[in-house]
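Here the structure comes first, spelled out in structure tokens, and everything after it is commentary.
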Amino acid sequence: MGRAFEYRKAAKLKRWGHMAKTFTRLGKQIAIAVKAGGPEPDMNPALRSVIAVCKRENMPKDNIERAIKNALGKDQSDYKTMTYEGYGPHGIAIFVDTLTDNPTRTVADVRSVFNKFNGNMGTMGSLSFLFDHKCVFTFKKKDGVDMDDFILEMIDYGVDEEFDEDEEEGTITIYGDPKSYSEIQKKLEGDGYEDVGGEFTYIPNDLKDVTPEQRETINKMIERMEEFDDVQTVYTNMKPEE
């Protein structure tokens, strides 16, 4: 399996936290999709994609419908995507993705955690060379599909050659240029693939070894960061635990 899959598989539980926080994160993504394209999934590709991710994360149907309804409320705040980055303990690079209706509050919260753990919060883009920014699509594999032919065709739509297959779940995960997100989603849905869920991610291109003691400190920092509702995902270049 590919480097991206192994990293995501090892880091997923720690990075996304417990189920309730996952639902909060997805609820905000639903709100953004609804405000951008309306509440009807059939007419809103972004909303369809988020709903597919919700289903994969076992978010109840009632929760999804409630999030869509709440996004239509007149008092619903507009969320903005903000990314913060810097170095944590022991030189580990850290990206923090947030969705916030108050950037001033969010940046203060994130900075407070960097400071508490003797880290150094940098400027936007300062650590981009350590991570590959990718869009990620996971979907049900169709019977009889030759993956070599499939990937060869998808390369024309901005997809990487590397892909991951989960035989137990019967799904395929592909990675591509974030700028090609809409084209990739349209192609997959047009070809009849089901439950096409798309996200964006940062994949470290050079994982850093740490000692058990160092890992414990860094994990505490990540857990503290994830306590803030505005924080969606925390990425690091710390090598996942075996």
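Since every read-out is calculated from the coordinates, none of them should be taken as a lab result. What you see is a predicted model; the values in this text were computed from it and never measured. Note that we place each Cβ from the backbone using ideal geometry, even for glycine, and neighbour counts take in every protein chain shown.
Quick notes on this structure:
- The helix-based estimate of mean residue ellipticity at 222 nm for the chain, built from -39,500 (n - 2.57) per DSSP H run of four or more residues and divided by its residue count, is -13500 deg cm²/dmol to the nearest 500.
- For the chain, the relative contact order comes to 26 percent (Cα pairs under 8 Å, sequence separation of at least 6).
- Charge dipole magnitude, Cβ of K and R +1, D and E -1 - the chain, Cα centre, debye nearest 20: 1320 debye
- Karplus 3J(HN,Hα) series, Hz, for the stretch 228-242 with 6.51 cos²θ - 1.76 cosθ + 1.60 (x for Gly, Pro): 7, 4, 6, 6, 8, 8, 10, 10, 9, 9, 6, 5, x, 5, 5
- Beta bridges per DSSP, both residues in the chain: antiparallel share near 95 percent.
- Under 5 Å from the amide H of ASP160 lie the amide H atoms of TYR175, GLY176, ASP177, each residue being 5 or more positions distant or on a separate chain, with H modelled from the backbone and absent for Pro and chain starts.
- Using the Cβ-Cβ distance between LYS55 and LYS35 with R0 set to 22 Å, the FRET efficiency works out to roughly 0.55.
- Nearest-0.05 FRET efficiency for ARG66 and SER128, computed from C-beta distance (R0 35 Å): 0.45
- The spacing between the stretch 121-137 and the stretch 140-196, judged by their C-alpha centroids, is 23 Å.
- Listed by number, the DSSP H helices of the chain that run 30 Å or longer by alpha-carbon position along their axis and have mean Kyte hydropathy of at least -0.5 come to an empty list.
- Structure-derived Cα Rg over 2.2 N^0.38 Å: which label, when the choices are [x] 1.03; [y] 0.97; [z] 1.12: [x]
- Karplus-derived 3J(HN,Hα), 6.51/-1.76/1.60, for each residue of the stretch 120-128, Hz, glycine and proline x: 9, 7, x, 8, 4, x, 5, 10, 4
- For PHE131, distant residues with modelled amide H under 5 Å away: ASN205
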